[in-house]
Amino acid sequence: MPALSPSQADIELRNRCTRWLNGHRPMRSMRESLQALLALPEADQPLDVYGDGAVLQTLEADVATLLGKPSGRFFHKGVACQLAALRVWCGEGQGPVALHPQSHIAIDEEEAFERLMGLRGLRVGEPDTPFTVVDLQALAEKPAVVVVELPLRRGGFRLPDWDALVAISAWCRANGVKLHFDGARLWESAPHYGRSLAEIAALADSVYVSFYKGLGGLAGSVLAGPEDFIAALAPWKSRLAGNVFSLYPFVLSAIAGLRRQLPLMGGYRERARALAQRLCAERGWRVAPDLPHTNSFQLHLPVDPARLPDALRAIAAERGFWLGARAVPSVLLADGAMVEVVIGDAAEGWTDNEAIEALRAAVSQAHRASA
């Protein structure tokens, strides 16, 4: 899925809708968003200044505890967070970074770890499949750090099997290689493993988590790991423009997301799996993976990807049901389109039957436009 920002017209159309297929119910205005943050008891506390503030430090400590790590540091942006992590783990030797070719770091961050940090990447694994320890063993040189994205978003939100993840961790430790989890969607991944966040994070030396995806925050992330590692991030946080004067809106929205959305992740996953099974029954439609690992999956439709976005917008305008406005060519269906489905609290506003019927209507409309 392209990492494109929605147009202002699409944002306005989405806000006029009353139902939304993906994610959480959107805030329709800055006022509505700010009023929700004011309802938090922490809003009465003083603002943080340059990373120093009681509420911010409590959030960092709470997230580190959730992940079973000694320490954590808040970053305004996941890109800066992960660049700092890789630079610290690679040290002055600037050793190579092993990562999947479809990873967020390689694609969505525009290979900043190579272009800005002077590091080298070793692409590991095949498309739409998480890499395994066998892939690491086949590398021509030993990396300084291995990055595992949980889940692999561009590979269909797929997760490696638990035993495969344990084997990667064991290989890294046996070979003196650091293991970093790109856990932008780690909150959404835990139900698949049936293990606590701390049990999953224990396999890695460092873990990054995001607040604005599954948790619905405004922005922000935390990087957790050993105390000396977190301390070593300080100069890189400044160099990467991460030492923002005040972060309190992001911090408050992260707290709200942890309280409201984190306990619901298991239910979102089950709803996604039930919907995916229904979608698979539609003639010519495909879901990847066949049974979603998380609350998110790919839907492949037998329709021209260039025509589908306008059809999706038409359904939004006619029915007030926002199905999204982006599609890319499908890798599973010749001349087909792929869209992503992400289940959040917005799913409380529609039934599976209603979602399927709306998608059918969009596909039909796109076919008519192609005729």
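The values are calculated or read from the model by the stated rules, or taken from the named source; none is laboratory data. The shown structure was predicted, so the numbers you read here are calculated from the model rather than taken from an experiment. So basically every Cβ, Gly included, is an ideal-geometry build from the backbone, and we count neighbours across all protein chains shown.
A few points about this structure:
- Qualifying residue in region 289-305 (condition: surrounded by 17 or more Cβ atoms within 10 Å (Cβ to Cβ), of a type in the set (Val, Ile, Thr) and in contact (Cβ under 8 Å) with a residue 60 or more places away in the chain): yes
- Output for region 88-114, where each listed residue is without any contact (Cβ under 8 Å) to a residue 60 or more places away in the chain and acidic (Asp, Glu): 92, 109, 110, 111, 114
- In region 28-39, the residues that are closer than 20 Å to residue 8 by Cβ reach residues that are modelled with pLDDT under 95 and in a loop (DSSP other than H, G, I, E, B) with C-beta atoms within less than 8 angstrom, at least six apart or across chains, in these pairs: 33/27.
- Search result, residues across region 232-253 that are of a type in the set (Gly, Ala, Ser), at negative phi and touching a residue at least 24 places away in the same chain (Cβ under 8 Å): 232, 242, 246, 253
- Within the option set 223, 159, being in contact with a Phe, Trp or Tyr (Cβ under 7 Å, 6 or more places away or on another chain) and either β-branched (Val, Ile, Thr) or in contact (Cβ under 8 Å) with a residue 40 or more places away in the chain (or both) holds for one residue only, 223.
- Any chance residue 209 is under 18 Å from residue 98 (Cβ atoms), touching a Leu at 6+ places or on another chain (Cβ under 8 Å) and either outside the structural domain of residue 107 (by TED's automatic domain parsing) or not in a helix (DSSP H, G or I) (or both): no
- A single member of 252, 197, 215, 223 is under 22 Å from residue 164 (Cα atoms), at pLDDT 95 or above and buried (at least 21 other Cβ atoms within 10 Å of the Cβ), and it is 197.
- Extreme residue, surrounded by the most Cβ atoms within 10 Å (Cβ to Cβ), among residues of region 24-78 that are part of a loop (DSSP other than H, G, I, E, B) and of a type in the set (Lys, Arg): 69
- Candidate set from region 337-349 (those that are buried (at least 17 other Cβ atoms within 10 Å of the Cβ) and not β-branched (Val, Ile, Thr)); member that is farthest from residue 261 (Cα to Cα): 337
- Selection within region 25-63 - in contact with a Pro (Cβ under 7 Å, 6 or more places away or on another chain) and within 28 Å of residue 343 (Cβ to Cβ): 37
Residue-by-condition table, conditions (1) assigned to a helix (DSSP H, G or I); (2) out of contact with any Asp or Glu (no Cβ under 8 Å at 6 or more places or on another chain); (3) at pLDDT below 95:
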residue	(1), (2), (3)
235	yes, yes, no
257	yes, yes, no
265	yes, no, no
282	no, yes, no
299	no, no, no
311	yes, yes, no
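- Residue count for region 128-141, restricted to those that are more than 24 Å from residue 269 (Cβ to Cβ), out of contact with any strand residue (DSSP E or B) (no Cβ under 9 Å at 6 or more places or on another chain) and in a loop (DSSP other than H, G, I, E, B): 1.
- Whether a residue is within 24 Å of residue 73 (Cα to Cα) and either of a type in the set (Phe, Trp, Tyr) or under 16 Å from the mean Cα position of the chain (by Cα) (or both) was assessed, and residue 210 passes this test.
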